[in-house]
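K.L.:
I have a structure here, written as structure tokens, and I will follow up with some questions on it.
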Amino acid sequence: MSDSLTVTDNRTGKHYEFPIKDSTIDATDLRKIKVSDDDFGLMSFDPGLKNTAVCRSAITFIDGEKGILRYRGYPIEELASKSSFLEVSFLLLNGELPSKTELDGWTSEITLHTMLNENIKKLMDAFHYDAHPMGMLISTIAALSSFYPESKNIFDPEVRRKQIVRLIAKMPTIAAFALKHSRGLPYVYPDNELNYTENFLNMVYRPSHGTQYKPDPILAKALDTLFILHADHEQNCSTNAMRAVGSAQSDPYSCAAAAAAALYGPLHGGANEQVLRMLREIGTKEKIPQLIQQVKEGKRKLMGFGHRVYKNFDPRGKIIKNIAEDVFQVTGRNPLIDVALELERIALEDDYFISRKLYPNVDFYSGIIYEAMGFPTSMFPVLFAVGRMPGWLAQWQEMVTDDEQKLVRPRQIYTGHQKRTI
Ligand code: CMC
């Protein structure tokens, strides 16, 4: 037995042998398969990159059949129960959990970079009062590149590190300012005495400077855990956007804005917003069969169900269900949880969903928690983006330092006219 693949081209009767490494063949080997010397060679056709490995990565491991998710080898369940979001961010970026001294240094660095330049604030002010906070977030992240022009020096490790710190530190501030803007309320500046998530809650919920607000520790812990669950997910749509734009050697702010734009879509991070709209539309358990029927007739999708990789269960969904109970202890029970639980129960017994291996994903329950905490629906994808930022940056950093990586430039099958004249 050899680690190779033998291919017979039935058009020509020729045989080819390609090496197999890490359960993959090199896609460019296919180009050797030609019917004539001037033939371009064979390509693979893979819309949505469903079966194409685009990189080697040591960051996140997923086994979709078994419902396993690990960051740098640590199971998500363990990280969610024992670590903080900043520890997990350090882990994703550096490969190891921080020592006490490292964590103190990392926390203080992040804390010192939470402020936004006053001109960024003015830029955010220019948005219409009903601007979607995700649109504001994407634009503001992109604008940061003009404030830190040195960020273009992506091959300088120190410069890279500085932008990574800035992006993780400023995300909660941008997110909170976007929310305050939509409510016409004054921005609340970061408070360096608070931890990462408490500071975020403070900027969101304190009515203005000088007023009293104390972040609830249970809600802060719940949100911190939600950020951990969203922190990375290997080569998902937004991470692929981060890497694809990064492959052109763009600065990390431009890359992260592109990643956030990808996340905004309803099939990706925007799904949590759509789940809530769907649950509100259903309203009561009695209306669930009607919705299921519409889904089975192909008229609509069951938002928050299905995943490209998980075909058994989404381990993040299981953890989120438990967080919901903790949050409801403080906020009171969100009645939509009962609609969601019943919807899940009915769907999981239905052959349409069983045969297609459709299970609740991370977005099915996260929105219910965010809503119970008082976040408006439009903020849900923004919260996802705050959590995902360290993952995008870890993947970007890995790509920039990977000699194997190239400018992302796929091929196409041309279906237009052959040459013609006017
Ligand atoms: N509701 C109803 N049917 C579905 C759903 C759904 N949510 N998801 C997939 N299907 C059906 C689909 O119609 C297809 O059926 P058929 O074989 O009869 O044509 C079959 O299941 C396979 O679906 P697919 O579209 O080929 O699978 P995919 O891997 O391309 O899609 C997905 C993955 C997440 C885009 C899709 O499941 C979906 O649109 N889900 C709803 C949106 C959602 O919740 N997105 C959040 C994903 S998790 C957070 C994140 O990481 O972004």
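The values are calculated or read from the model by the stated rules, or taken from the named source; none is laboratory data. For clarity, every value in this text was computed on a predicted model and none was experimentally measured. Note: ideal-geometry Cβ built from the backbone for every residue, glycine included; neighbour counts use all protein chains shown. Side chains are part of the model used for accessible areas, which takes the heavy atoms of the whole protein and leaves out ligands, DNA and RNA. Shrake-Rupley method; radii C 1.70, N 1.55, O 1.52, S 1.80 Å.
K.L.:
Past 32 Å, Cα to Cα, is the threshold; run Lys221/Lys311; Lys32/Lys66; Lys287/Lys311 against it and keep the listed order.
P.N.:
Numbers: Lys221/Lys311 29 Å; Lys32/Lys66 37 Å; Lys287/Lys311 27 Å.
The pairs that break the limit, which is 32 Å between Cα atoms, are Lys32/Lys66.
K.L.:
Rounded, prolate or oblate, given the Cα gyration tensor of the stretch 271-372, with a/c below 1.5 counting as rounded? Kindly include the intermediate steps, with their values, before the conclusion.
P.N.:
Numbers: a/c = 1.97, a/b = 1.32, b/c = 1.49.
Oblate shape, in that a/c is at least 1.5 and b/c is the bigger or equal ratio.
K.L.:
For the Cα atoms of the chain, what angle does the longest principal axis make with the long axis of helix 380-400, in degrees from 0 to 90, nearest 10?
P.N.:
Around 50 degrees separate the two axes.
K.L.:
Ratio of alpha-carbon Rg to the 2.2 N^0.38 Å globular estimate for the chain, to two decimals, please. Before the final figure, lay out each step's value.
P.N.:
On the way: Rg = 23.4 Å, N = 422, 2.2 N^0.38 = 21.9 Å.
So the Cα radius of gyration is 1.07 times the expected 2.2 N^0.38 Å.
K.L.:
Continuing with this model, one more query. With θ set to phi - 60° and the Karplus curve 6.51 cos²θ - 1.76 cosθ + 1.60, what are the ³J(HN,Hα) couplings of the stretch 104-112 in order, to the nearest whole Hz, using x for Gly and Pro?
P.N.:
Going residue by residue, I get 4, x, 4, 4, 5, 4, 4, 4, 6 Hz, with x marking Gly and Pro.
K.L.:
May I ask which residue of Pro190, Phe127, Leu97 lies farthest towards the positive end of the charge dipole of the stretch 55-198, with charges of +1 (Lys, Arg) and -1 (Asp, Glu) on Cβ and the Cα centre as origin?
P.N.:
About the Cα centre, the residue reaching furthest to the positive side is Phe127.
K.L.:
While we're here: Which of Leu201, Leu137, Leu42 moves most in a GNM of the chain, Cα contacts under 10 Å?
P.N.:
Result for the chain, Cα springs under 10 Å: Leu42 fluctuates most.
K.L.:
Ignoring any ligand, DNA or RNA, what whole percent of the accessible area of the chain comes from carbon and sulfur when the probe is 1.4 angstrom?
P.N.:
Details: 11060 of 20930 Å².
Looking at the chain in its full context, I get 53 percent from C and S.
K.L.:
How much accessible area per residue does the chain have, counting only protein heavy atoms and a probe of 1.4 Å, in square angstrom? Please list the in-between numbers first.
P.N.:
Working: 20930 Å² over 422 residues.
Per-residue accessible area for the chain comes out at 50 Å².
K.L.:
Another question, if that's okay. Is the shape of the stretch 218-319 rounded, prolate or oblate, going by the alpha carbon gyration tensor and its root eigenvalues a ≥ b ≥ c, with a/c under 1.5 for rounded and a/b larger than b/c for prolate?
P.N.:
Values: a/c = 2.30, a/b = 1.67, b/c = 1.38.
Judged from the Cα gyration tensor, the stretch 218-319 comes out prolate (a/c at least 1.5, a/b above b/c).
K.L.:
In vacuum, with every alpha carbon of the stretch 4-44 counted as one equal point scatterer, what does the Debye formula give for log10 I(q)/I(0) at q = 0.17, 0.19 Å⁻¹? Two decimals, please.
P.N.:
Per q value, in the given order, log10 I(q)/I(0) is -0.44, -0.54.
K.L.:
Return the subset of Lys121/Lys162; Lys285/Lys321; Lys296/Lys321; Lys301/Lys357 for which the Cα-Cα distance in this structure is over 23 Å, preserving the input order. Each step should come with its number before you reach the end.
P.N.:
Numbers: Lys121/Lys162 21 Å; Lys285/Lys321 19 Å; Lys296/Lys321 26 Å; Lys301/Lys357 14 Å.
Violating the 23 Å Cα-Cα cut-off are Lys296/Lys321.
K.L.:
Around Ala80, with a cut-off of 15 angstrom between Cβ atoms, what is the net charge of the other residues, counting Lys and Arg +1 and Asp and Glu -1? Provide the component values of the computation, followed by the final result.
P.N.:
Details: positive: Arg70, Arg72, Lys82, Lys221, Arg316, Lys318, Lys321; negative: Glu77, Glu78, Glu87, Asp224, Asp232, Asp314, Glu325, Asp326.
Overall, the nearby charge balance is -1.
K.L.:
Which chymotrypsin sites (Phe, Trp or Tyr not before Pro) in the stretch 149-189 sit in a loop by DSSP (not H, G, I, E or B) and have at most 13 other Cβ atoms within 10 Å of their own Cβ?
P.N.:
On the way: sites: Phe155, Phe177, Tyr187; in loops: Phe155, Tyr187.
When the chymotrypsin sites (Phe, Trp or Tyr not before Pro) of the stretch 149-189 are filtered for loop state and at most 13 Cβ neighbours within 10 Å, Phe155 remain.
K.L.:
Taking the Cα centroid of the stretch 117-181 and of the stretch 295-358, what is the distance between the two, rounded to the nearest whole Å?
P.N.:
If we compute the Cα centre of each part, the gap is 33 Å.
K.L.:
Here is a follow-up. Could the peptides 319-325, 112-118 be put in order, highest first, of the mean number of other beta-carbon atoms found within 10 Å of their residues? Display every interim value, and only then the final one.
P.N.:
Details: 319-325: 18.9, 112-118: 15.3.
The densest-packed peptide leads the list: 319-325, 112-118.
K.L.:
Could you derive backbone 3J(HN,Hα) for the stretch 131-139 from the dihedral phi with the Karplus parameters 6.51, -1.76 and 1.60 (θ = phi - 60°), listing whole Hz in sequence and x where the residue is Gly or Pro?
P.N.:
The phi angles translate into 4, 5, x, 6, x, 5, 5, 4, 5 Hz.
K.L.:
Return a whole-number percent for the relative contact order of the chain, with Cα pairs under 8 Å and 6 or more residues apart as the contact set. Intermediate values should be presented prior to the final figure.
P.N.:
Numbers: 578 pairs, mean separation 81.9, N = 422.
Answer for the chain is 19 percent.
K.L.:
Dipole of the stretch 20-177 (Lys/Arg Cβ +1, Asp/Glu Cβ -1, origin at the Cα centre): which of Met43, Ile20, Leu144 lies farthest to the positive side?
P.N.:
Leu144
K.L.:
Rounded to the nearest 10 degrees, what's the angle between the helix 157-183 long axis and the longest principal axis of the chain, both from Cα atoms, 0 to 90?
P.N.:
With rounding to tens, the tilt is 60 degrees.
K.L.:
Moving on. Report the charge-dipole magnitude of the chain in Debye, nearest 20, computed about the Cα centre from +1 at each Lys and Arg Cβ and -1 at each Asp and Glu Cβ. The partial results should precede the final answer.
P.N.:
Details: 50 positive and 52 negative charges, 232 e Å.
For this selection, approximately 1120 debye.
K.L.:
With point charges of +1 on the Cβ of Lys and Arg and -1 on the Cβ of Asp and Glu, referenced to the Cα centre of the stretch 319-395, which listed residue (Ile369, Phe353, Ala394) lies farthest in the positive direction of the dipole?
P.N.:
Going by the charge dipole, the pick is Ala394.
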